[in-house]
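> Please read through the structure below; I'll follow up with questions.
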Amino acid sequence: MNAFVVQRRTATRRVQEGLADQSVVTEQDEGGLPTCEELGNYLDNFADALSGLIADSASSESVARMVEAERLLQGMERRCSNHPRLRPSIAQHEVVAKVIEHFLELWPTYSRALQAPALDEAQRLASQGQNLIDVATEELGKYYTLLESVRAYEDHSIPNLFERSLNALASSYPGLDLLDLDRLGAQEAARLTGVLAQPGQGAQFLILDALGSVHFDPKRFHHVLGEASRLCQESSQISEVASQSGALEGLATSSRLVYEALEGFEAALSRVKDEQALMRRIIKFYGEIYEDVASPILAWYNLVAGIKSQPYTKLIQDDATALARSLTRQDQTAFLLQDDGASLRNASQHGNSFIFEGDHVIFRLRSYQETISRAGVIDRIFGFVESVLAMNWSLMNDLARLGIEVPLKEDDASYMNLTAFRLATLWLESGDSTVVEASESPTSWDFTLTIDRDDVFALALAFAQHVPDTISKVSVRVPGAVTTLVVPFAAFDIFEGTREAANAPVDDLMAVIEFRDKCTVNGNSLLTISDLKYAAGSVGLFLLKGGDFSLIPALRKVNSLAAAHAAPEIASVVKRIFELTRTPSPAGFLQLELTLTRWTNGSAPTLPAFEAVTVRK
């Protein structure tokens, strides 16, 4: 037998003996779940020890290093096994357990490779070992990336929750604008839950999924998302509930209150250092979420599922725990909540209802006494939040599917920094344009953007179509713009309607002519004499050559505009056209045709393109 094989078999046996030696005192299996860094350190130590054994199988130092690395791995396995599978570390627990499972196969696989009598067998086993490393490090890498993205969601240097979420999405998916993120979120929602996300809901799904994949039970979270969505889609009640007094407003208020609760909780996290005080604040936070945020959602699901039939305004007056309990007691909705949460909710609402004893919380209400570990209490709280967020997204997504808008009050939108102006600015920032300046007043929006000059007009009108009713002026310009086009929105509205109803090219031409007449630059109409000549020439030729007398109103409009713009030459030609329609004359037509043809040889009037556009409503 090859001497090298004998030496390696001896080294392998010595490692096994070292691991079996019960006289060696090991460290206490404490410290919670192993971290990514600890798992990475194990892999480095294992690789170093393995390299040492391959280079010098007789090295006692390499044997000792391998024994030490494997003992540490065994300790991490025990820590993982002993650690309760509770939120907010369920996802971490699953990743760590899976990685350790792969790592536990490394030494047995490589030890067989070291002892293999044939080179090809040693190479095959070493390849299996490398595959174990690759799979484990890939799992570890994905989880580490996810942790980094979630840290961006928890970056309190950005105080606003919404902007923090957008910043985190930008970090996780660089190069994607909001529309791209929304499409990606819709794809992920379909892949993970089987649900079709509506426009605007995909990006929200990405945010929820990132948080859920770290802090919640990801499998249950996706299950609730999918099943709650199907419950809403299959319900015949949702439109009827939406039409009830206060139902949509209740959801809007819930959105505001979750912001308030989270901001208060984050403020407490940054201030409170005492563990008991922090735990007490967490329990109080649960009460706020249960009462203020969840109540409207629980009421909606009772109505959507047909469990309750009374009007929303009456149902919402019920105790929140009664609403939760009715959902948990019905087979069709039992999946929504892990329990009704009544005990913990009651404790959060009553003073002196719980005390701390070591790592446990003792609840002592008249109707409820229980001792739970602090970790168990946090798990229940996160589990409830997990349910509420999944239920809320599913309901909002289905309302969007039905075209039902949840009305957010302007002061609530302002508090959450979700105003129409802020959303418009974020949309611009996420695209190809650079927002040089963006400002608003109670009645106006103003943007300076680095965009193509030809896009300014269309963008200004697009914003004007969707601004709140209080906004009467929208301005869009490129840097250094000097000349501003002023557009009355009512004129554009008429133009759009005329164009949609147009039956002939002349209709479209006249819509452009009349629209240009209403637009101004420095107080003067944008309509030019050339525009009027082109219109008179086109309409006149169609009328005289085709005998289409339905064009007479269009010609009269051209004549009226010519008078308003002091264009006697055009008025004279139009008069002659009318005369020829009443008393045809071949010679007169030939003479007039030359003029009309010459007028139509120029450029046709078009929608304007300006470096600065102000739309007035």
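> Do the sum for the chain: with -39,500 (n - 2.57) for every DSSP H run of n ≥ 4, divided by all residues, what is the mean residue ellipticity at 222 nm, to the nearest 500 deg cm²/dmol?
Taken over the chain, the calculation gives -21000 deg cm²/dmol.
> Compute, for E410, the solvent-accessible surface of its heavy atoms (probe 1.4 Å) with the complete set of protein chains present, and express it in square angstrom to the nearest 10.
Its heavy atoms expose roughly 110 Å² to the probe.
> Hey, how many Å between the Cα centroid of region 169-196 and the Cα centroid of region 385-399?
Comparing the Cα centres of region 169-196 and region 385-399, I get a distance of 17 Å.
> Under the Karplus relation 6.51 cos²θ - 1.76 cosθ + 1.60, θ = phi - 60°, what is the ordered set of whole-Hz ³J(HN,Hα) values for region 113-130, x standing for Gly and Pro?
Per-residue couplings from phi come out as 5, 5, 8, 4, x, 10, 4, 5, 5, 4, 5, 5, 5, 5, 5, 4, x, 5 Hz.
> Out of (i) 187; (ii) 445; (iii) 251, which label holds the value of volume of the Cα convex hull per residue in Å³ that was computed here?
Recomputing volume of the Cα convex hull per residue in Å³ here gives the entry labelled (iii).
> Another question about this same structure. Taking a cut-off of 19 Å, what percent of all Cα-Cα pairs in region 19-120 are separated by more than that?
It works out to 48 percent of all Cα pairs.
> Given a 1.4 angstrom probe, what's the average accessible area per residue across region 211-328, in square angstrom?
40
> Sequence gap at least 6, Cα distance under 8 Å: using those rules, report the relative contact order of the chain to the nearest whole percent.
Relative contact order of the chain: 10 percent.
> Would you work out the charge dipole size for region 292-332 about its Cα centre, treating the Cβ of every Lys and Arg as +1 and the Cβ of every Asp and Glu as -1, and quote it to the nearest 20 debye?
The dipole magnitude comes to about 120 debye.
> Turning to a different aspect of this structure: What are the residues whose amide H is under 5 Å from the amide H of L449, where those residues sit 5 or more places off or on another chain and H is modelled from the backbone?
V436, R477, V478
> With a 1.4 Å probe and all protein chains kept in place, how do F216, F489 rank by accessible area, largest first?
Greatest to least solvent exposure: F489, F216.
> Return the long-range amide H neighbours of S373 (sequence gap of 5 or more, or a different chain), with a cut-off of under 5 Å between placed amide H atoms.
Correct list: V361.
> So how do H223, H565 rank on accessible area, 1.4 Å probe, biggest first, that is with the largest at the start?
H223, H565
> Tell me the relative contact order for region 360-434 as a rounded percent, counting alpha carbon contacts under 8 Å between residues six or more apart.
For region 360-434, the relative contact order is 13 percent.
> In nm², what is the average projected area of the convex hull enclosing the Cα atoms of region 156-203?
Spelled out: convex hull of the Cα atoms, projected over all directions, averaged, 3.6 nm².
> Using alpha carbon centroids, what distance separates region 214-238 and region 430-456, in Å?
The two parts, judged by their Cα centres, are 39 Å apart.
> Please list log₁₀ I(q)/I(0) at q = 0.22, 0.29, 0.31 Å⁻¹ for region 290-338, using the Debye equation with identical point scatterers on the alpha-carbon positions.
Rounded to two decimals, the profile gives -0.68, -1.18, -1.32.
> Rounded to the nearest 10 Å², what accessible area does Y415 show when all protein chains are kept and the probe is 1.4 Å?
My reading of the accessible area for Y415 is about 80 Å².
> A further question follows. Could you tell me the accessible area of K473 in Å² (1.4 Å probe, neighbours in place), rounded to the nearest ten?
My reading of the accessible area for K473 is about 60 Å².
> Here's another thing I want to ask about it. So if I place +1 on the C-beta of Lys and Arg and -1 on the C-beta of Asp and Glu, and nothing else carries charge, what would the dipole magnitude of region 371-528 be about its Cα centre? I want it in debye, nearest 20.
360
> Give a residue-ordered list of calculated ³J(HN,Hα) values for region 281-296 (Karplus: 6.51 cos²θ - 1.76 cosθ + 1.60, θ = phi - 60°; whole Hz; x for Gly, Pro).
Per residue, the Karplus-derived 3J(HN,Hα) values read 5, 5, 5, 5, 4, 4, x, 5, 5, 5, 6, 8, 8, 7, 3, x Hz.
> With every protein chain left in place, what is the accessible area per residue of region 375-507 in square angstrom, probe 1.4 Å?
Accessible area per residue: 47 Å².
> A follow-up question, please. Leaving out ligands, DNA and RNA, what percent of the accessible area of the chain is carbon and sulfur, probe 1.4 Å?
With neighbouring chains kept in place, the figure for the chain is 50 percent.
> Enumerate the calculated ³J(HN,Hα) couplings along region 156-163 in order (Karplus 6.51 cos²θ - 1.76 cosθ + 1.60, θ = phi - 60°), each rounded to whole Hz, writing x wherever the residue is Gly or Pro.
Those phi angles translate into 6, 5, 9, x, 7, 4, 5, 5 Hz.
> In Å², what does the accessible area per residue of region 69-145 work out to with a 1.4 Å probe?
Value returned for region 69-145: 49 Å² of accessible area per residue.
> Which value in Å does the Kirkwood hydrodynamic radius of region 511-573 take, with 1/r averaged over all unlike C-alpha pairs and then inverted?
12.0
> Using alpha carbons only, how many degrees (0 to 90, rounded to 10) separate the axis of helix 529-546 from the longest principal axis of the chain?
That works out to roughly 70 degrees.
> Rounding to the nearest 20 debye, state how big the charge dipole of region 514-617 is about its Cα centre with +1 on each Lys and Arg Cβ and -1 on each Asp and Glu Cβ.
Around 200 debye, computed over region 514-617.
> With unit charges on the beta carbons (Lys and Arg positive, Asp and Glu negative) and the dipole taken about the Cα centre of region 366-488, which residue among L399, S433, L461 sits farthest to the positive side?
L399
> So for region 181-297, averaging the separation of alpha carbon pairs under 8 Å that are six or more residues apart and normalising by length, what relative contact order in percent results?
19
> Oh, and also: Can you list the residues, at least 5 places off or on another chain, whose amide H is less than 5 Å from the amide H of D548, using H built in the peptide plane?
Answer set, sorted by chain and number: none.
> Then there's this: What order do E249, E579 take when sorted by accessible area (1.4 Å probe), most exposed first?
Largest to smallest exposure gives the sequence E249, E579.
The values are calculated or read from the model by the stated rules, or taken from the named source; none is laboratory data. This one's a predicted model, so the numbers in the text were calculated from it and none came from an experiment. Every residue, glycine among them, receives a Cβ derived from its backbone with ideal geometry; neighbour counts consider all protein chains shown. The protein model used for the area step is the full one, side chains on, heavy atoms only, and it has no ligands, DNA or RNA in it. Shrake-Rupley method; radii C 1.70, N 1.55, O 1.52, S 1.80 Å.
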